[in-house]
Every structure is written in structure tokens, then in C-alpha cells.
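A quick write-up on the structure given underneath.
What follows draws every value from the coordinates through simple rules; no lab data is involved. Since we're looking at a predicted model, the values are computed, not measured. Don't worry about glycine lacking a Cβ; one is built from the backbone with ideal geometry, like all the others, and counts go over all protein chains shown.
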């Protein structure tokens with residue numbers, strides 16, 4: 001995982017495809033349908049499980065992760081599109 005700077009430093013991970021390589025992402029079921037946001041097969045997507053801020057195992061929300069999206073692992077666990085991430089963050 002590389003480090004990036006916005007106003008403050010954050011850790012970020014770029015989602016490539018539906019592989020279990022990020023501990024907070026659950027892979028989407030294989031599907032032939034296309035994503036309206038990015039055009040990739042839905043089977044290449046994942047769902048980011050966003051835990052409660054007190055670090056309990058309670059999941060408070062989920063966010064869809066498209067191939068190429070960035071997961072910023074700060075207090076809010078956010079998903080950024082590749083273009084938005086590169087416009088906002090610079091590699092440290």
C-alpha cells in the first residue's frame with residue numbers, strides 16, 4: 001500500500017478487480033450485467049464494508065468499488081474514482 005497526500009497524509013489502495021486482496025472489501029457475485037458508472041462487468045466489482053468509527057465489528061454502511069477506484073483508509077473509509085483521486089491526492 002502506498003502513501004498519498006491531500007491536506008494530510010492518507011493510506012490508499014487501488015482496487016484492480018474482484019479479488020480478495022483488501023480486508024474490508026467483499027467481492028461481488030459473478031454477473032454478466034454491466035455497471036452504469038464504469039461499464040465493467042459487475043463481477044469485477046466489490047463492496048467496501050465501512051465499520052463504525054469505534055473499531056467494533058459493526059458495519060454501518062457499504063460502498064460499491066469499481067475497478068480502478070481508490071479506497072482511502074482514513075477515519076471515514078472512502079471510495080474515490082481514479083480521476084477524482086489523482087486530482088485530489090499526490091503521492092508522497
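Here are the numbers:
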| quantity | calculated |
| --- | --- |
| The chain, relative contact order in percent, only Cα pairs under 8 angstrom and at least six apart counted | 31 |
| The chain: calculated mean residue ellipticity at 222 nm from DSSP helix runs of at least 4, using -39500 (n - 2.57) | -2000 deg cm²/dmol |
| Two-decimal Rg to Rh for segment 39-92 - Kirkwood Rh, Cα set | 1.02 |
| Protection proxy ranking of 25-36, 69-80 - average other beta-carbon atoms within 10 Å, highest first | 69-80, 25-36 |
